[in-house]
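Colleague: I'd like to ask you about the structure that follows.
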Amino acid sequence: MEKPPLFEGHNITVGYRDSPPIFRDLSFSIPPGEVTVILGRSGCGKSTLLKALLGLLPLRKGRLFFQGEEMNRFTEPQWDAHYRRIGVLYQNGALLNSLSLAENVALPLKIHSPHLPRPIGESIVAARLFQVGLQGSEEKLPGELSGGMKKRAALARALVLDPEVLLCDEPSAGLDPLTARGLDDLILDLKNRLGASFVVVTHEVSSIRRIADRILALEEGRLLFQGSLQEGETSQHPFLKAFFAQGAQDDQ
Ligand SMILES: Nc1ncnc2c1ncn2[C@@H]1O[C@H](COP(=O)(O)OP(=O)(O)OP(=O)(O)O)[C@@H](O)[C@H]1O
Ligand SMILES: [Mg+2]
């Protein structure tokens, strides 16, 4: 049997408090086991869409499905499972300043697996820090880390529960090209080896060309485009044309 989409939105409308909606009647499908990249100008609602996928913003209209189940109908245990399955790398890293790097990375384990024996937890944290190249910095506080180190620490935290799904908000923004490339390789490795699914917000065209299977582009509160990377690259839509043409210059 074919797997249901990872996420499927049917005419969803989402906004903050009493403000006008950020997007209206948005319909999209995000397949499992692939890297879907969300594109769009600053402020168009990319981070907001990730929040909606996580279930952090109630829908004003429409229906949102995760693996074929309507999220509006989730029970408490289903929400717990949702948060356990989905790792999130927030745009600003969102590390807690009073906790060490190791404690930050261990946080999801403490919340979701409170009875896990300590040495096992410590070895998982050490493995994740190694994976992102931060071994040896366990005791540092976030304030003592560079921007790139914070990003990688936040990624280690997002990976600590072995998530099936990773939502990454501008993972390589502010990183040097080599570190950014390492992050792309990590994403591809997790996808190919573990079958993990990714929804990644990024503006980096070279990274998109390396990692994306699908593109979902937003513009002024609506869906501009969804399709394969190749369809996106050859689209005649002015935004996508300009976006990928700019990337071709950067790659030279
Ligand atoms: N917590 C919030 N409360 C109210 N409005 C918000 C909140 N977060 C974002 N917005 C508004 O929602 C709109 C979309 O913001 P969002 O952060 O989703 O954009 P974005 O596409 O991720 O932008 P960027 O590329 O700059 O990160 C903006 O107009 C922003 O002001
Ligand atoms: Mg954003």
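The values are calculated or read from the model by the stated rules, or taken from the named source; none is laboratory data. Please read these numbers as outputs of a predicted model, since none were measured by experiment. With ideal geometry, Cβ positions are generated from the backbone for all residues, glycine too; neighbour counts draw on all protein chains shown.
Colleague: All but one of (1) assigned to a helix (DSSP H, G or I); (2) surrounded by 14 or more Cβ atoms within 10 Å (Cβ to Cβ) hold for N72; state the number of the condition that does not hold.
Modeller: Condition (2) is where N72 drops out.
Colleague: Part of a strand (DSSP E or B), modelled with pLDDT under 95 and not acidic (D, E): which single residue out of R41, R24, R63 fits that description?
Modeller: Checking each option against the conditions leaves just R24.
Colleague: Given (1) away from ligand 2 (no atom under 16 Å from the Cβ); (2) charged (D, E, K, R); (3) more than 19 Å from V165 (Cβ to Cβ), where does E34 come up short, assuming only one miss?
Modeller: (3)
Results for (1) surrounded by fewer than 21 Cβ atoms within 10 Å (Cβ to Cβ); (2) more than 13 Å from the chain's Cα centre (by Cα); (3) within 16 Å of ligand 2 (Cβ to nearest atom), shown as yes or no for each residue.
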{"position": "K151", "(1), (2), (3)": "no, no, yes"}
{"position": "D162", "(1), (2), (3)": "yes, yes, no"}
{"position": "L178", "(1), (2), (3)": "yes, yes, no"}
{"position": "L194", "(1), (2), (3)": "yes, yes, no"}
{"position": "V200", "(1), (2), (3)": "no, no, yes"}
{"position": "S206", "(1), (2), (3)": "yes, yes, no"}
{"position": "E220", "(1), (2), (3)": "yes, yes, yes"}
{"position": "L223", "(1), (2), (3)": "yes, yes, no"}
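Colleague: Would you check which residues across the range 181-197 are assigned to a helix (DSSP H, G or I) and small (G, A, S) and list them?
Modeller: G182
Colleague: Now, a different point. Within the range 204-219, which residues are assigned to a strand (DSSP E or B) and among the small types (G, A, S)?
Modeller: A217
Colleague: Test each condition in (1) surrounded by 12 or more Cβ atoms within 10 Å (Cβ to Cβ); (2) charged (D, E, K, R); (3) not in a helix (DSSP H, G or I) for E139 and report the one that comes out false.
Modeller: Of everything listed in (1) surrounded by 12 or more Cβ atoms within 10 Å (Cβ to Cβ); (2) charged (D, E, K, R); (3) not in a helix (DSSP H, G or I), E139 misses just condition (1).
Colleague: Condition first: among the small types (G, A, S) and in contact (Cβ under 8 Å) with a residue 40 or more places away in the chain. Now tell me which residues in the range 18-48 satisfy that.
Modeller: S27, S29, G33, G40, G45, S47 - these are the residues of the range 18-48 that are among the small types (G, A, S) and in contact (Cβ under 8 Å) with a residue 40 or more places away in the chain.
Colleague: Out of the range 44-58, which residues are near ligand 2 (Cβ under 8 Å from one of its atoms) and surrounded by fewer than 19 Cβ atoms within 10 Å (Cβ to Cβ)?
Modeller: Across the range 44-58, the qualifying residue is only S47.
Colleague: Of all the residues that make up the range 153-180, how many are assigned to a helix (DSSP H, G or I) and either under 17 Å from V199 (Cα atoms) or among the hydrophobic types (A, V, I, L, M, F, W, C) (or both)? Explain how you work it out, then say what you get.
Modeller: Our first condition is that a residue be assigned to a helix (DSSP H, G or I); within the range 153-180, this holds for 153-159, 177-180.
Cutting the leftovers down to either under 17 Å from V199 (Cα atoms) or among the hydrophobic types (A, V, I, L, M, F, W, C) (or both) gives us 153-159, 178, 180.
Matching residues across the range 153-180 total 9.
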